[in-house]
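Engineer: Please read through the structure below; I'll follow up with questions.
The values are calculated or read from the model by the stated rules, or taken from the named source; none is laboratory data. Everything numeric here is computed off the predicted structure, so don't read it as measured data. We place every Cβ from the backbone using ideal geometry, glycine too, and count neighbours over all the protein chains shown. Note: areas computed on protein heavy atoms with side chains; ligands, DNA, RNA excluded. Shrake-Rupley method; radii C 1.70, N 1.55, O 1.52, S 1.80 Å.
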Amino acid sequence: GAGVSQTPSNKVTEKGKYVELRCDPISGHTALYWYRQSLGQGPEFLIYFQGTGAADDSGLPNDRFFAVRPEGSVSTLKIQRTERGDSAVYLCASSSSGPYNEQFFGPGTRLTVL
Amino acid sequence: AQSVTQLDSQVPVFEEAPVELRCNYSSSVSVYLFWYVQYPNQGLQLLLKYLSGSTLVESINGFEAEFNKSQTSFHLRKPSVHISDTAEYFCAVSDQGYQKVTFGTGTKLQVIP
């Protein structure tokens, strides 16, 4: 069966550019999560969607980061004016509705800001 | 606020030897605890979890972890490791089930033949 997919797998950009990272959750999963994993660190929570709305965006580091999920399925994480410190692996996970249903992670997008 | 401490960044162990990966947490409210595993070139996978009930939880591949509230620990153990257990292991905590999970920095388990 299809798991969580993320595109692109790798993205190299220059400082100051805009990037979009895409996440396709498991079909039927209403909850979607974004995490960021910097080198040598564990994943860090960014934002959680329940359906189309962001239920908790307290992990977004600043207003350069924004995420959408307009139809309650695919989600896009958008980063404006990228900085070298944004370089990390961005992970997406999805789960069935409810806080006690297991999250399934995608393979991640490795973002490198030069 | 919640946090997780994994003191050991790397743990080398010989094949068929026992292993313990340490995890300590802090949380101000009720706690849910997880161990995730990341095999080389693969995504994060849930290994085992404590949500409620028995404090000793087991995985299908022989790992176990015990929730110890007094010591605020959730150490991961396996009595005999295999080469295929080589991976990075992340301990994690939440006060809202799977929502807003806080991860530790990870421990790389290197099984030596």
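Engineer: Checking residue A:79 against (1) under 17 Å from residue A:44 (Cβ atoms); (2) within 11 Å of chain B (Cβ to nearest Cβ); (3) surrounded by 14 or more Cβ atoms within 10 Å (Cβ to Cβ), which test does it fail?
Structural biologist: Of the numbered conditions (1) under 17 Å from residue A:44 (Cβ atoms); (2) within 11 Å of chain B (Cβ to nearest Cβ); (3) surrounded by 14 or more Cβ atoms within 10 Å (Cβ to Cβ), the odd one out for residue A:79 is (2).
Engineer: What's the number of the only condition in (1) within 11 Å of the chain's Cα centre (by Cα); (2) of a type in the set (Ser, Thr, Tyr); (3) surrounded by fewer than 17 Cβ atoms within 10 Å (Cβ to Cβ) that residue A:38 fails to meet?
Structural biologist: Answer for residue A:38: the failing condition is (1).
Engineer: Could you list, in sequence order, the residues of segment A:8-35 that are away from every other protein chain (no Cβ under 14 Å), open to solvent by less than 90 Å² (accessible area, probe 1.4 Å) and of a type outside the set (Gly, Ala, Ser)?
Structural biologist: Within segment A:8-35, A:8, A:11, A:13, A:19, A:21 meet the criteria.
Engineer: Write out, first by first residue and then by second, each pair whose Cβ atoms fall under 9 Å of each other, whose residues are 6+ apart or on separate chains, and whose first residue, in segment A:41-60, is more than 11 Å from chain B (Cβ to nearest Cβ) while the second is buried (at least 21 other Cβ atoms within 10 Å of the Cβ) and among the β-branched types (Val, Ile, Thr).
Structural biologist: What qualifies is A:54/A:47; A:60/A:47.
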